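The values are calculated or read from the model by the stated rules, or taken from the named source; none is laboratory data. Here the structure is a predicted model, which means the values were calculated and not measured. Neighbour counts run over all protein chains shown; Cβ positions are idealised from the backbone, glycine included. Note: accessible area is taken over every heavy atom of the protein model, side chains too, but ligands, DNA and RNA are not part of it. Shrake-Rupley method; radii C 1.70, N 1.55, O 1.52, S 1.80 Å.
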Amino acid sequence: MKFTKAPAYRRLDHAPNPLKLKIVLALLQWGIIIGITVGIFNQWLIGLLKIDLGEHAIETFLQNYSIVPLFLMAVIIAPAVEEILFRGPLIWFKNKKYFKYCFYASVLLFAAVHMTNFEMTREVYYIAPFLVAPQLILGVFLGYVRVKLGLQWSICLHAMYNGILVIPILLYKLLNFPLE
């Protein structure tokens with residue numbers, strides 16, 4: 001909690017790798033729990049307000065790509081690219097008094113990019129903060145890991161998070177649409 005109030009670039013360089021892994025796995029667990037909880041709430045809210053979100057980007061990807069490219073994009077490429085783009089530059093501001101603003105700007109940009117997963121209608125704009133709440137929270141977790149443990153650990157956390165959410169969808173696709 002202290003970090004979220006005043007993010008500062010202070011690495012845990014001397015922490016052993018097993019401790020780093022324990023931190024990453026704990027944040028992964030919390031990210032999944034919070035993400036699923038927010039997702040359930042969002043589904044309730046969308047139903048209550050009778051909002052049509054249109055087709056989600058994952059649906060388009062599932063229709064247009066086979067399982068292997070989907071896995072590579074979601075679990076390997078996207079985490080690496082997004083971490084390099086959104087959290088990599090944090091090192092440039094590590095000794096600046098405005099680091100916390102850069103940190104939270106990276107969190108907000110990360111969440112904003114994920115709005116492109118939805119068809120942008122007026123109703124979607126109204127509930128946008130709820131739709132990207134999991135990415136906002138995950139962005140803070142990923143930023144913390146990036147600052148404290150390093151970029152490779154935030155890429156790892158991001159990849160595991162995406163994998164846990166995407167692999168069941170890919171297995172469903174595999175079982176319902178066998179490879180040709």
Checked region 25-180 against the a/c 1.5 cut and the a/b vs b/c comparison, axes a ≥ b ≥ c from its Cα gyration tensor; verdict oblate
Using the heavy atoms of the protein chains alone and a 1.4 angstrom probe, what is the accessible area of region 113-159 per residue in square angstrom? 41
Nearest 10, in degrees from 0 to 90: the angle of helix 99-113 to the longest Cα principal axis of the chain is 10
How long is the gain from F41 to E59 if the chain were fully straight, where each residue apart is worth 0.36 nm and the alpha carbon distance is subtracted? 4.4 nm
Could you state the accessible area per residue of region 16-96 in Å², with a 1.4 Å probe and every protein chain left in place? 63
Label-zone membership for region 113-155, site H14, 7 angstrom Cα→C-beta point, backbone N under 18 Å: 148-150
Need one word for region 88-180: rounded, prolate or oblate. Basis is the Cα gyration tensor (sqrt eigenvalues a ≥ b ≥ c); a/c below 1.5 gives rounded, then a/b vs b/c decides. oblate
With the full set of protein chains in place, find how many percent of the accessible area of the chain is carbon and sulfur; take the probe as 1.4 Å. 69
So which of K22/K173; K22/K94; K50/K100 end up more than 29 Å apart, counting from Cα to Cα? K22/K173; K50/K100
Round to the nearest 10 and give me the degree value, 0 to 90, for the angle of helix 151-176's Cα axis relative to the longest principal axis of the chain. 10
